[in-house]
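The values are calculated or read from the model by the stated rules, or taken from the named source; none is laboratory data. All values reported here derive from a predicted model rather than from experimental measurement. Glycine gets a Cβ as well: all are built from the backbone with ideal geometry, and neighbour counts include every protein chain shown. Note: areas computed on protein heavy atoms with side chains; ligands, DNA, RNA excluded. Shrake-Rupley method; radii C 1.70, N 1.55, O 1.52, S 1.80 Å.
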Amino acid sequence: MSHPPEMDLPPRDPRDAMSLQTAWLRSFLAVADKGGFGAATLVLHLSQSRVSAHIAALEHALGVTLFDRKARPIRTTEAGELFRGHALNALLELQHGVEAARSTLDNFLGHVTIGSYPSVSSTYLPGILKELKAKHPGLTVELHEGNAASLAEMVANGTVDLVFRPLLPKMRETTLCHRTIWREDIVAVMREDDPLAGKGCVSVADILAHPLIGNPAGTEEEGGGFDVRNTLGDDAGRAEIVYLTDQPATLVALVRSAFGVGVINRLALATTSTEGLAVRTIDSPTAHRTVALFWTRRRADTAVVKAFVDAQELAALPPGVRRFEG
């Protein structure tokens, strides 16, 4: 990997920590944690060239090589491993300082970063933001959308302040707070001329007799097709899942074109037209999912989290869901 031109790099002075940029440290830690530049880009939401430039600049400033680039997967050198703990502690301490400065509403800076997925972003989030901006008119909002796996990563690594996400599949990060908001059905979607449309409720056996289209996209390890597999329970291994997508409109279009029966959460269907299709409940004890709002424990007392959680409590729920009663 070539380094950026010398004129773009800071003076090489390993004694001067003030010459280091926090963006370089974040990129370094992401590459070290994920074992590669490509994987790090998904966490950081940066291009691979930008991440590579950050690492090159950091190595130049320190005067050491941080990664063994010949190894597969890439790994830290001895110097990189020694530096890793210090870099992490430095970023954590800086974040604690930022959060301490924002710890009262009097010092509320008016910026919130939210992680969400499209159906929540379009049907629920606008109402929350209306409540929030009524109290904090100068508020600015930054939105990051993703699937269950990427949203979990965003809130855990601090890319977002709060995130909307189903409770399942479970998050690996354990230092999180959450508020459970609603429960919604997982439903089957088929053409109106499909024999299944004549039933008021379809069984797991009915579904298994058809090619299936589900969501979200991704591998099973990443949570891809989780709603389908969870709904089918012990019979999931017998399912013929022909397509997975993050987009409800794509799922509906494939069903309309007779590629199979769709299995999707009811809220997602509210974001697209189902004209010419039939929507049926599924007779399965796991044909539902529960949605929650998550944030990290270390941010629980910050003004931005408190203000957003208060606004969320006041906002009306989207159509087709049931308020969670714990």
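Scanning the stretch 274-295 for residues that are closer than 30 Å to Glu131 by Cα and either open to solvent by 10 Å² or more (accessible area, probe 1.4 Å) or in contact with a His (Cβ under 9 Å, 6 or more places away or on another chain) (or both) returns His288, Arg289, Thr290, Ala292, Leu293, Phe294, Trp295.
Of all residues in the stretch 275-293, none are in a helix (DSSP H, G or I), among the basic types (Lys, Arg), in contact (Cβ under 8 Å) with a residue 24 or more places away in the chain and out of contact with any Cys (no Cβ under 6 Å at 6 or more places or on another chain). Scanning the stretch 206-219 for residues that are assigned to a strand (DSSP E or B), open to solvent by less than 40 Å² (accessible area, probe 1.4 Å) and in contact with an Asp or Glu (Cβ under 9 Å, 6 or more places away or on another chain) gives Leu212, Gly214.
Glu222 falls short on exactly one of the conditions (1) open to solvent by 40 Å² or more (accessible area, probe 1.4 Å); (2) assigned to a helix (DSSP H, G or I); (3) touching a residue at least 24 places away in the same chain (Cβ under 8 Å), and that condition is (2). When Ile181 is tested against (1) out of contact with any helix residue (DSSP H, G or I) (no Cβ under 6 Å at 6 or more places or on another chain); (2) buried (at least 18 other Cβ atoms within 10 Å of the Cβ); (3) modelled with pLDDT under 95, just one condition goes unmet, and that condition is (3). Of the residues making up the stretch 125-140, those that are open to solvent by less than 60 Å² (accessible area, probe 1.4 Å) and either touching a Phe, Trp or Tyr at 6+ places or on another chain (Cβ under 8 Å) or over 25 Å from Asn265 (Cα atoms) (or both) number 5.
Only one of the numbered conditions (1) under 23 Å from the mean Cα position of the chain (by Cα); (2) modelled with pLDDT of 95 or more; (3) under 18 Å from Ser122 (Cβ atoms) is not met by Pro319, and that is (2). Against the conditions (1) hydrophobic (A, V, I, L, M, F, W, C); (2) on the phi > 0 side of the Ramachandran plot; (3) in a helix (DSSP H, G or I), Ala258 satisfies every one except (3).
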